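Take a look at the structure set out below.
The values are calculated or read from the model by the stated rules, or taken from the named source; none is laboratory data. All of these numbers come straight from a predicted model, not from anything done at the bench. Here the Cβ positions follow ideal geometry from the backbone for every residue, glycine too, while neighbour counts run over all protein chains shown. These accessible areas exclude ligands, DNA and RNA; they are computed on the full protein's heavy atoms, side chains included. Shrake-Rupley method; radii C 1.70, N 1.55, O 1.52, S 1.80 Å.
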Amino acid sequence: QVQLMESGGGLVQPGGSLTLSCSVSGIIFRFTTMAWYRQAPGKQRELVASITSDRIANYVSSVSGRFGISRDNGKNTVYLIMNSLKPEDTAVYYCNAGLAGSDYWGQGTQVTVSS
């Protein structure tokens, strides 16, 4: 059974930083493309960042230069390092694993950027 468990969300002031973690089990992690999505109230879920098994990273333009995605294959964990946070980054952040045409999701973690 594939399980994804996010952690690290919370309340942060504008300009602050947070690091999200996603621990994965039940899948061959090192072969899996990992991604972070987010969904703000009243909006569709959007792809924030992804990282392939070859560690090729891509970002949505709104977070490029502020966010970083990385993976630790030894720990079966993917990270989202978020800097210079803005109120518009407020959303539930979801971890996603994609392998062989299948998608798996975590339960989400809330990130709130507010003064």
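Values as computed for the structure displayed
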| read-out | value |
| --- | --- |
| In segment 61-73, the residues that are exposed (fewer than 15 other Cβ atoms within 10 Å of the Cβ) and over 17 Å from E6 (Cα atoms) | S61, S62, S64, G65 |
| Yes/no for S84 being in a loop (DSSP other than H, G, I, E, B), surrounded by 13 or more Cβ atoms within 10 Å (Cβ to Cβ) and touching a Pro at 6+ places or on another chain (Cβ under 9 Å) | yes |
| Selection count where residues are in a strand (DSSP E or B), under 23 Å from L11 (Cβ atoms), touching a Phe, Trp or Tyr at 6+ places or on another chain (Cβ under 7 Å) and open to solvent by 10 Å² or more (accessible area, probe 1.4 Å), scope segment 87-115 | 2 |
| Unique residue being of a type in the set (S, T, N, Q) and either modelled with pLDDT under 95 or over 14 Å from the mean Cα position of the chain (by Cα) (or both) when the list is N83, N73, N58 | N73 |
| Residue check, R38 at pLDDT 95 or above, surrounded by 14 or more Cβ atoms within 10 Å (Cβ to Cβ) and under 11 Å from the mean Cα position of the chain (by Cα) | yes |
| Flag for G10 being in contact (Cβ under 8 Å) with a residue 60 or more places away in the chain, within 15 Å of Q110 (Cα to Cα) and either hydrophobic (A, V, I, L, M, F, W, C) or out of contact with any Gly (no Cβ under 6 Å at 6 or more places or on another chain) (or both) | yes |
| Residue in segment 8-35 that is surrounded by the most Cβ atoms within 10 Å (Cβ to Cβ), counting only those that are of a type in the set (S, T, N, Q) and under 14 Å from N76 (Cα atoms) | T32 |
| Residue match in segment 59-73 (condition: among the basic types (K, R) and outside any loop (DSSP other than H, G, I, E, B)) | yes |
| Residue match in segment 7-20 (condition: more than 19 Å from V113 (Cα to Cα) and assigned to a strand (DSSP E or B)) | no |
| Single residue of segment 41-58 satisfying the filter (open to solvent by less than 70 Å² (accessible area, probe 1.4 Å) and in a loop (DSSP other than H, G, I, E, B)) that is farthest from Q110 (Cα to Cα) | S53 |
